[in-house]
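**Q** To start, I am sharing the structure in question, which I have written as C-alpha cells.
Nothing in this text is a laboratory measurement; each read-out follows from the coordinates by a stated rule. These figures come from a predicted structure and were not determined experimentally. Positions of Cβ are backbone-derived with ideal geometry, glycine not excepted, and every protein chain shown enters the neighbour counts.
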Amino acid sequence: MLKSVDPKSLSENVFSLIGDEWMLITAGTAEALNTMTASWGGLGVIWGAPAATCYIRPQRYTKEFVDREEYFTLTFFSEEYRKALSLCGSKSGREADKVKECGFTVKTAQCGAPYFAEAELVLVCRKRFAQEMDPNNIPQDVKEKFYPQKDYHTLYIGEIVEVLKK
C-alpha cells in the first residue's frame, strides 16, 4: 500500500531510478488515461518547490494527455514489472490498452491524476512549464545521435505536489 511521504525523505538514487529502472509518465483521468515508459528526466528544486522534469517526443500519444491536463504522475516500479514497462514503451495507447495488458490497477491522487497501485513510488506533479526543444540550441552530435528523425522532445517541469511510497 502506498502512503504519502515528504519529498525530502526520499533517498533513492535518481540516476538509477530514472535512467536504469525507468518510469511511467501518466496523465488523464481514471477513466481515460495514457502512459508511457521514460528513462530521461530529473528531480530537483525550481521556483522554491520540489520538481521533476520529463521529456516527451511529439509523436507520443501520452503527450496529448500531458498537454491537456494540469497534473501528471511519474511512477516507479520494482524489477518484477520490467516487462510491463517495456510494453508501455513499445506500444501506443492509440492501438492497445496498455494498462489492461499490464494488469495495472488505476488509482487517483488527491488532485485526480492517475497512477498505478502496483508502483513502489509515485510523484504527483502539477505541470508548471512546457517548452519544445529548439534544435538550434542542441549540439550537432546530440542531434545526430538522438534526433535522426528531427522529432525533438518537449521538456516539462512539474511541481511535485504529492509523493506516494510503499
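**Q** Could you grab the relative contact order for the chain? Cα pairs under 8 Å, six or more apart, rounded to a whole percent.
**A** About 31 percent, as a whole number.
**Q** Between residue 59 and residue 108, how high is the FRET efficiency from 1/(1 + (r/R0)^6) when r is the Cβ-Cβ distance and R₀ = 22 Å? Nearest 0.05. Don't skip to the end; give the middle numbers.
**A** On the way: r = 27 Å, r/R0 = 1.23.
The formula returns an efficiency of 0.25 here.
**Q** Using a Gaussian network for the chain with springs between C-alpha atoms less than 10 Å apart, which of these wobbles most: 132, 101, 31?
**A** Evaluated over the chain, the most mobile residue of the options is 31.
**Q** With labels modelled as points extended 7 Å from the Cα through the Cβ direction, what inter-label distance (nm, one decimal) is found for residue 95 paired with residue 117?
**A** 3.1
**Q** If we count other beta carbons within 10 Å of each Cβ, what is the order of 102, 54, 111, fewest first?
**A** By the 10 Å Cβ count, ascending, the order reads 111, 102, 54.
**Q** Say each of residue 46 and residue 11 gets a label point 7 Å from the Cα, pointing the same way as Cα to Cβ; how far apart are those two points in nm?
**A** 2.9
**Q** Related question: Give me the net charge of residue 56's neighbourhood, meaning all other residues with Cβ under 11 Å from the Cβ of residue 56; Lys, Arg count +1, Asp, Glu -1.
**A** -1
**Q** Also, I was wondering about something else. When a/c is below 1.5 the answer is rounded, else prolate if a/b is larger than b/c, else oblate, so apply that to region 31-166 with a ≥ b ≥ c taken from the square roots of the Cα gyration tensor eigenvalues.
**A** On the way: a/c = 1.78, a/b = 1.25, b/c = 1.42.
Oblate, since a/c reaches 1.5 and b/c is not below a/b.
**Q** Further, regarding this structure: How long is the gain from residue 150 to residue 132 if the chain were fully straight, where each residue apart is worth 0.36 nm and the alpha carbon distance is subtracted?
**A** Computed gain between residue 150 and residue 132 is 5.3 nm.
**Q** When the Cα centres of region 11-47 and region 73-93 are compared, how far apart do they sit, in Å?
**A** 10
**Q** About the Cα centre, and with charges only on the beta carbon of Lys, Arg (+1) and Asp, Glu (-1), how big is the dipole of the chain? Nearest 20 debye, please.
**A** Details: 21 positive and 23 negative charges, 24 e Å.
Once rounded to the nearest 20, the dipole reads 120 debye.
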